[in-house]
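The values are calculated or read from the model by the stated rules, or taken from the named source; none is laboratory data. Source: prediction; values computed, not measured. Because the Cβ atoms are built from the backbone with ideal geometry, glycine has one as well, and the counts that use them run over all protein chains shown.
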Amino acid sequence: MTTETHATPQPPPPVRKDLSDPSDPPAKAPSVRPRSTAYLLTGGLLAALFLITLVSAGYGAYDIPLGEVVSSAQHRLGLGGARLDRVGESVLWNVRLPRVVLALLVGASLGCAGALMQGVFGNPLAEPGIIGISAGAAVGAVASIALGLSFFGNWTITVCAFAAGLGTVTLVYTLSRSGGRTEVVTLILTGIAVNAFAGALIGLFIFFADNAQITQITFWQLGSLSQATWPKVLAVLPCTVLGLLIAPCYARKLDLLALGERPARHLGVDVERLRIVLILIVALLTAAAVAVAGVISFVGLLVPHLLRMVNGPGHRFLVPGSALGGALVLAVADLAARTVAEPAELPLGVLTALFGSPFFFWLLRRTRRRQGGWA
Amino acid sequence: MRTLFGIRGRALPEPPPPGAVLARARGVHVRLGGRAVLTGIDLIARSGEVLALVGPNGAGKSTLFGALAADLPADRGSVEIAGRPAGDWSAAELALRRAVLPQTAALSFPFPVTEVVRMGRAPWAGTAREDEDDTAVAEAMAATETADFAGRPFSALSGGERARVALARVLAQRTSLLLLDEPTAALDLRHQELVLTVCRERAAAGDAVVVVLHDLGLAAAYADRVAVLDAGRIAVEGPPAEVFTDELLSRVYRQPVEVFPHPRSGAPVVLPRRGDVRKA
């Protein structure tokens, strides 16, 4: 049995040889959750997104019937259809659609960033808003408004938000980890500290800003998409698209990371590299969202959670699925924000926090109960 | 897609010839927190045999294990895996050659058991041996008796069940070097025997198995060689029948111990020397 020269002890009789007898035809590994759930969900989300886009485009202070929206879109695509009248055409293409597209982009960014962040931290309560990444990015954005920076033209706010967001996420990550793990309490407390510090910085910038800038900052801070224009869409599009394209490539490795850092490394994952890339993507996506829409919290928490409940924690669906789900949630929320109190408009960030915070509270309670108190 | 961008062409490790050295520590020194935890460790794990690391608490078993798994860098000396210094392999290459079972099995998200075991196949994704995935997973789950709760979430399992699922994941990786840190710690009698039987089968199939054990009886019964650690050094190393003596174990464990051959099999049995404890 071995090439050892010394005597080997008698191997004891096997316990149950039949267990792994290689002559046994191996049973097919039972597959747990049929793949079809993921396909069904994806299909459902896409259909819902398409529908909400159409409804949002038509519904509002100036109503455009659904049929006319479709017909105008057909016309623009050169597939027949007909132009609307001048006002309708302008409302649809210069006011409504950029806003809907922006809502979709911001929502997709937030949902995807939430899923990635929970995977990297190995903690289901991580979310850009809660742990202060959004606030950090907001500091960058506010600074660029208050200081009147314009070195990157249209992209200035996005670039500043990205730089500040990247700094914040790196800081939070280093501060909240010990021994390769992130405890819930440490994470949340770090979030409180970071949020407070970011709030103070924003306050300072507002203190030194002039009145026009203050108005701009305040409006932006509440989280709103009402200033949506095509140039704004263009300002976030590269960040969002880049982030959303790269993120799913790391889904498998995120699954392995759930085992812990060392086991993931034992399974061939270059953990350091994975961490750096994912933190960059999270900063990119968060910055994109914050730069145009201010701080919109809880979307990144709520969406991945609901999807995990339906389809399990596998990141191959969760990462792209959260992008779709986030887009859907934000498009619906924005539609509600601009229609429930017509003609006034609710701030979007207020609306998501209104629904998100109780959910967060419930989640905290549940996590605590499962762990039997905070570790 | 996978065949196009994948690594099907990458050199896969050949099955090792019997007796090949799959892991070797040469003069390994490790300091942790300013304290010398390991001093001058020399150890070899060969294909076809089960090597047990035993020793009292704090003797350096887990540190040595960490050094062999390339988790801890050696301050002096070197650790070689499959003939190359551990640091020269990339994580992905290393994952094709050795599998590691950590002492505690944790999981941040409630993946179902089958998916956890399937994670062991991740290193082979995109290689020619990807085709074995289903068989490897099914066999590993059968060998560890985890197939019964294949569909349950990992978080809903008991400690012993989790430990077996973690072992199944490591077995499914199908590497020729297995490093197991206390695989029997959370297990009942039957499953302790089961796990070590699996170790023996893997050794018989040509793999090298390095296993940290607390139970000297299990080490004596199942290991080809044992290394007894004492205060960061290897006190003695060899076949259990030769190295397990009353004198040595009593000294290392600071507890009177008696070793005697089992009346039927002749394998060494290790017991603490006790009087009639209830009389005293």
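Within the stretch B:189-212, the set of residues being more than 7 Å from chain A (Cβ to nearest Cβ), surrounded by fewer than 21 Cβ atoms within 10 Å (Cβ to Cβ) and of a type in the set (A, V, I, L, M) comprises B:189, B:205.
For the stretch A:61-88, the set of residues classified as over 25 Å from residue A:339 (Cβ atoms) and part of a helix (DSSP H, G or I) consists of A:74, A:75, listed by residue number.
Restricting the search to the stretch A:316-356, which residues are closer than 26 Å to residue A:36 by Cα and of a type in the set (Asp, Glu)? Once the filter is applied, which keeps residues that are closer than 26 Å to residue A:36 by Cα and of a type in the set (Asp, Glu), the stretch A:316-356 yields nothing. From the list B:251, B:225, pick out the single residue that is closer than 22 Å to residue B:49 by Cβ and basic (Lys, Arg). After ruling out the rest, the residue left standing is B:225. Regarding the stretch B:53-62, can at least one residue be identified that is more than 30 Å from residue B:257 (Cβ to Cβ), in contact with a strand residue (DSSP E or B) (Cβ under 8 Å, 6 or more places away or on another chain), surrounded by fewer than 23 Cβ atoms within 10 Å (Cβ to Cβ) and not aromatic (Phe, Trp, Tyr)? No; the residues of the stretch B:53-62 include none that is more than 30 Å from residue B:257 (Cβ to Cβ), in contact with a strand residue (DSSP E or B) (Cβ under 8 Å, 6 or more places away or on another chain), surrounded by fewer than 23 Cβ atoms within 10 Å (Cβ to Cβ) and not aromatic (Phe, Trp, Tyr). Got at least one residue in the stretch B:133-150 being facing chain A (nearest Cβ under 9 Å), under 26 Å from residue A:117 (Cα atoms), of a type in the set (Gly, Ala, Ser) and assigned to a helix (DSSP H, G or I)? Checked against the condition, which is being facing chain A (nearest Cβ under 9 Å), under 26 Å from residue A:117 (Cα atoms), of a type in the set (Gly, Ala, Ser) and assigned to a helix (DSSP H, G or I), the stretch B:133-150 yields no hits at all.
If you check B:166, B:150 for being in contact with a strand residue (DSSP E or B) (Cβ under 9 Å, 6 or more places away or on another chain), buried (at least 23 other Cβ atoms within 10 Å of the Cβ) and either at pLDDT 95 or above or of a type in the set (Gly, Ala, Ser) (or both), only one passes: B:166.
Residue A:95 falls short on exactly one of the conditions (1) farther than 12 Å from residue A:292 by Cα; (2) surrounded by 24 or more Cβ atoms within 10 Å (Cβ to Cβ); (3) over 16 Å from the mean Cα position of the chain (by Cα); (4) of a type in the set (Val, Ile, Thr), and that condition is (2).
Would you check which residues across the stretch B:80-125 are more than 15 Å from residue A:262 (Cβ to Cβ), more than 10 Å from chain A (Cβ to nearest Cβ) and outside any loop (DSSP other than H, G, I, E, B) and list them? Answer for the stretch B:80-125, where residues must be more than 15 Å from residue A:262 (Cβ to Cβ), more than 10 Å from chain A (Cβ to nearest Cβ) and outside any loop (DSSP other than H, G, I, E, B): B:80, B:81, B:84, B:85, B:87, B:88.
To keep it simple, each residue is scored yes or no on (1) more than 22 Å from residue A:259 (Cα to Cα); (2) surrounded by 17 or more Cβ atoms within 10 Å (Cβ to Cβ); (3) of a type outside the set (Lys, Arg); (4) within 12 Å of chain A (Cβ to nearest Cβ).
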position: B:39; (1), (2), (3), (4): yes, yes, yes, no
position: B:48; (1), (2), (3), (4): yes, yes, yes, yes
position: B:74; (1), (2), (3), (4): yes, yes, yes, no
position: B:78; (1), (2), (3), (4): yes, no, yes, no
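Is one or more of the residues making up the stretch B:6-25 at positive phi and away from every other protein chain (no Cβ under 14 Å)? No, because not a single residue in the stretch B:6-25 is at positive phi and away from every other protein chain (no Cβ under 14 Å). Pairs meeting the criteria (first residue in the stretch A:133-151 and farther than 25 Å from residue A:191 by Cα, second residue assigned to a helix (DSSP H, G or I) and modelled with pLDDT under 90, beta carbons under 6 Å, at least 6 apart or on different chains) are A:149/A:156; A:150/A:156.
A single entry from A:267, A:307 fulfils the requirement of being surrounded by 19 or more Cβ atoms within 10 Å (Cβ to Cβ), within 14 Å of another protein chain (Cβ to nearest Cβ) and without any contact (Cβ under 8 Å) to a residue 12 or more places away in the chain: A:267.
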